[in-house]
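Read-outs throughout are calculated quantities, based only on the coordinates presented, and are distinct from any laboratory measurement. Remember, predicted model here, so these are calculated numbers, not experimental data. Quick reminder, even Gly has a Cβ in these numbers, built from the backbone with ideal geometry, and neighbours come from all protein chains shown.
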Amino acid sequence: MSKVIVYRKEDLSLKSDVPGAKMWAVALEKTMLTYFELGPNTVFPGHSHEAEQITMVIDGELGFTFEGRSIVIKAGEVIAIPSNAVHSAFTGNSSCKAVDAWSPPRMDFLR
């Protein structure tokens with residue numbers, strides 16, 4: 001891909017992911033950005049992926065479990081997850097909005 005693409009808000013329609021989560025994704029050849037809106041009590045079960053993941057919570061709180069411990073990331077905070085690290089993510093009693101940067105892109109999010 002060698003041209004600049006502008007995505008307007010109307011181009012970024014939310015689609016369903018896990019129960020309680022909606023998202024959109026934009027990718028180039030080597031990197032990707034996703035945006036998630038998560039309802040209360042949403043769970044992404046334990047998983048891993050080749051892509052490195054950097055998540056920034058922009059509203060609410062998002063919990064993560066990894067290496068036998070759980071933490072909560074609040075609005076304005078960031079977590080960096082290396083390639084193939086097993087982790088899960090979850091919301092509590094309130095909703096959350098977050099953005100993720102990925103490298104390489106997760107093609108499953110583009111379908």
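Here the residues Tyr7, Tyr35, ranked from fewest to most Cβ neighbours within 10 Å of their Cβ, fall in the order Tyr7, Tyr35.
In the chain, one over the average inverse separation of all distinct C-alpha pairs is 14.4 Å, which is the Kirkwood hydrodynamic radius. The order of Phe36, Phe44, going from fewest to most other C-beta atoms within 10 Å of their C-beta, is Phe44, Phe36.
Using 0.36 nm per residue and subtracting the Cα-Cα separation, the extra length available between Ile54 and Ser70 on full extension is 4.1 nm.
In order along the stretch 39-52, phi translates into HN-Hα couplings of x, x, 6, 8, 10, 9, x, x, 6, 9, 7, 4, 5, 6 Hz, rounded to whole numbers, per the Karplus curve 6.51 cos²θ - 1.76 cosθ + 1.60 with θ = phi - 60° and x for Gly and Pro. Among the trypsin sites (Lys or Arg not before Pro) within the stretch 1-86, those in coil by DSSP and having at most 11 neighbouring Cβ atoms inside 10 Å are Lys3, Arg8, Lys30. Using a cutoff of 8 angstrom between alpha carbon atoms and counting only pairs six or more residues apart, the relative contact order for the chain works out to 32 percent. Taking GluC sites (Glu not before Pro) across the stretch 1-81, the ones in a DSSP loop with at most 16 further Cβ atoms lying within 10 angstrom of their Cβ are Glu29, Glu50, Glu67, Glu77.
Which of Leu14, Val78, Thr42 sits closest to the plus end of the dipole of the chain, meaning its Cα is farthest towards the positive end, when Lys and Arg get +1 and Asp and Glu get -1 on the C-beta? Selected residue: Leu14.
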